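Readers should treat all values here as calculations from the given coordinates under stated rules, not as data from a laboratory. Values in this document were obtained by computation on a predicted structure and should not be read as measured data. Using ideal geometry, Cβ is built from the backbone for each residue, glycine included, and neighbour counts are taken over all protein chains shown.
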Amino acid sequence: MIIAKTIDEARKVIWQWKAEGLTIGLCPTMGYLHEGHISLMEASKKENDKTVASLFVNPMQFGPTEDLAKYPRDFERDRAMMEACGVDMVFAPEASEMYAEDFCTFVDMTIVSETLCGKSRPVMFRGVCTVLTKLINIVYPNRMYMGKKDAQQLAVVRRMVRDLNFNIEVVGCPTIREEDGLAKSSRNSYLAPEERKAAHILSQALRLAQDAIAAGQRNSASIIALIKTKILSEPLAEIDYVEAVDGLSMQHVETLSDGDLVPIAVKIGTTRLIDNFTVGDPPIEVK
Ligand code: AMP
């Protein structure tokens, strides 16, 4: 497995692969890998000749009061997991390699990025769109693999790729969960044992809503109320948002139809967790 720390190192390898006519899949990550990340790399390996994983905790997508400094990092563990998965190249630059001191160009979006997490974390999607544009320009992938766990991020990136004519396919991959139903996340490592137990409420509340929808409830206010009541039954949980939105535009819908998204963001102690389901998806397995 090649480890490229600089843009020049990565590009030399990419150009060679391109000259050989090989296809490339890119899996962008912030590291501290789990099976969710690895599932993206496995999907890429099936569909491309070469798989590149990027490992970069992107300072631009963290607000001043957010967890940039304490975001978990373990390069050796990540390296071993990617090697075992058969990743061909890891691109792991320092922040100074990606952002010159006088860096001043950004990729910004309206509408799709302004609701949900965009409201709670106003700089996040500008950071995501800018860094992904840079990664696409460095790696020239044919396909880019992203998790449905971050559903708004996926919608934002799909819209950016369409609006700005990036010549890549964005592949959305299913959410990988823990035994009890909690969506795997690098941030789960912040949870103390009693908080980890409390975090079970997210998937439980979503499953309750899925069951209500399957039984015929399509009124979004009722579904939102059902989820909120369930989450608030957990004393350690504090709701950031519970919403019902169109799956492409991320704008509120009154009545749910197939393809719409029900996303939630909940703080357990100081840890903010997100999860979602798309109407029409199979039910979340909750223990
Ligand atoms: P992150 O390192 O958190 O920025 O995530 C990198 C990529 O992995 C994003 O496309 C995420 O949506 C995806 N991802 C994170 N957690 C999961 C999960 N539990 N299942 C599937 N994909 C995930």
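Of all residues in segment 143-159, count the ones that are closer than 25 Å to residue 22 by Cα and either surrounded by 19 or more Cβ atoms within 10 Å (Cβ to Cβ) or within 11 Å of the ligand (Cβ to nearest atom) (or both).
Summing the residues that are closer than 25 Å to residue 22 by Cα and either surrounded by 19 or more Cβ atoms within 10 Å (Cβ to Cβ) or within 11 Å of the ligand (Cβ to nearest atom) (or both) in segment 143-159 gives 5.
Can you list residue pairs whose Cβ atoms sit under 7 Å apart, with the first residue in segment 144-162 being at negative phi and the second being of a type in the set (Ser, Thr, Tyr) and more than 8 Å from the ligand (Cβ to nearest atom)? Count only pairs 6 or more apart in sequence or on different chains.
Final answer for the pair search is 145/44; 156/113.
For segment 107-128, which residues satisfy the criterion of being surrounded by 12 or more Cβ atoms within 10 Å (Cβ to Cβ) and either part of a loop (DSSP other than H, G, I, E, B) or among the polar types (S, T, N, Q) (or both)?
Within segment 107-128, 107, 109, 113, 114, 115, 120, 121, 122, 123 qualify.
If you take the residues of segment 188-197 that are part of a helix (DSSP H, G or I) and crowded, with 17+ Cβ neighbours inside 10 Å, which of them is nearest to the ligand (Cβ to nearest atom)?
It comes out as 188.
Specify the residue that is farthest from the ligand (Cβ to nearest atom); the eligible residues are those in segment 160-185 that are farther than 26 Å from residue 108 by Cα and buried (at least 16 other Cβ atoms within 10 Å of the Cβ).
Across segment 160-185, the extreme among qualifying residues is 181.
Collect the residues in segment 232-246 that are under 24 Å from residue 259 (Cβ atoms) and surrounded by 19 or more Cβ atoms within 10 Å (Cβ to Cβ), keeping them in residue-number order.
Hits for segment 232-246 are 242, 243, 244, 245.
Check residue 225 against each of (1) more than 20 Å from residue 150 (Cα to Cα); (2) touching a strand residue (DSSP E or B) at 6+ places or on another chain (Cβ under 6 Å) and name the one condition it does not meet.
Of the numbered conditions (1) more than 20 Å from residue 150 (Cα to Cα); (2) touching a strand residue (DSSP E or B) at 6+ places or on another chain (Cβ under 6 Å), the odd one out for residue 225 is (2).
Residues checked against (1) closer than 26 Å to residue 154 by Cα; (2) touching a helix residue (DSSP H, G or I) at 6+ places or on another chain (Cβ under 8 Å):
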residue	(1), (2)
1	no, yes
8	no, no
25	yes, yes
32	yes, yes
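Within segment 83-100, can you find the residues that are in a helix (DSSP H, G or I), farther than 22 Å from residue 130 by Cα and in contact with a helix residue (DSSP H, G or I) (Cβ under 7 Å, 6 or more places away or on another chain)?
85, the sole residue that qualifies.
Which residues, counting only those in segment 44-62, are farther than 13 Å from residue 139 by Cβ, more than 20 Å from the chain's Cα centre (by Cα) and of a type in the set (Lys, Arg)?
46
Return the residues of segment 35-58 that are farther than 19 Å from residue 154 by Cα and either in a loop (DSSP other than H, G, I, E, B) or within 13 Å of the ligand (Cβ to nearest atom) (or both); say none if nothing qualifies.
Scanning segment 35-58 gives 48, 49.
Any idea which residue in segment 14-29 is farthest from the ligand (Cβ to nearest atom), counting only those that are without any contact (Cβ under 8 Å) to a residue 24 or more places away in the chain and among the hydrophobic types (A, V, I, L, M, F, W, C)?
Applying the filter and picking the extreme gives 19.
Return a yes/no flag: does segment 63-73 have any residue that is under 18 Å from the mean Cα position of the chain (by Cα), surrounded by 17 or more Cβ atoms within 10 Å (Cβ to Cβ) and not hydroxyl-bearing (Ser, Thr, Tyr).
no
Can you list residue pairs whose Cβ atoms sit under 7 Å apart, with the first residue in segment 30-59 being in contact (Cβ under 8 Å) with a residue 40 or more places away in the chain and over 16 Å from residue 14 (Cβ atoms) and the second being basic (Lys, Arg) and within 8 Å of the ligand (Cβ to nearest atom)? Count only pairs 6 or more apart in sequence or on different chains.
Here the result reads 34/184; 35/184; 36/149; 36/184, each pair linking segment 30-59 to a residue that is basic (Lys, Arg) and within 8 Å of the ligand (Cβ to nearest atom).
Considering only segment 198-206, I want to know if a residue exists there that is of a type outside the set (S, T, N, Q), in contact with a Pro (Cβ under 7 Å, 6 or more places away or on another chain) and assigned to a helix (DSSP H, G or I).
So far as segment 198-206 goes, no, none of its residues is of a type outside the set (S, T, N, Q), in contact with a Pro (Cβ under 7 Å, 6 or more places away or on another chain) and assigned to a helix (DSSP H, G or I).
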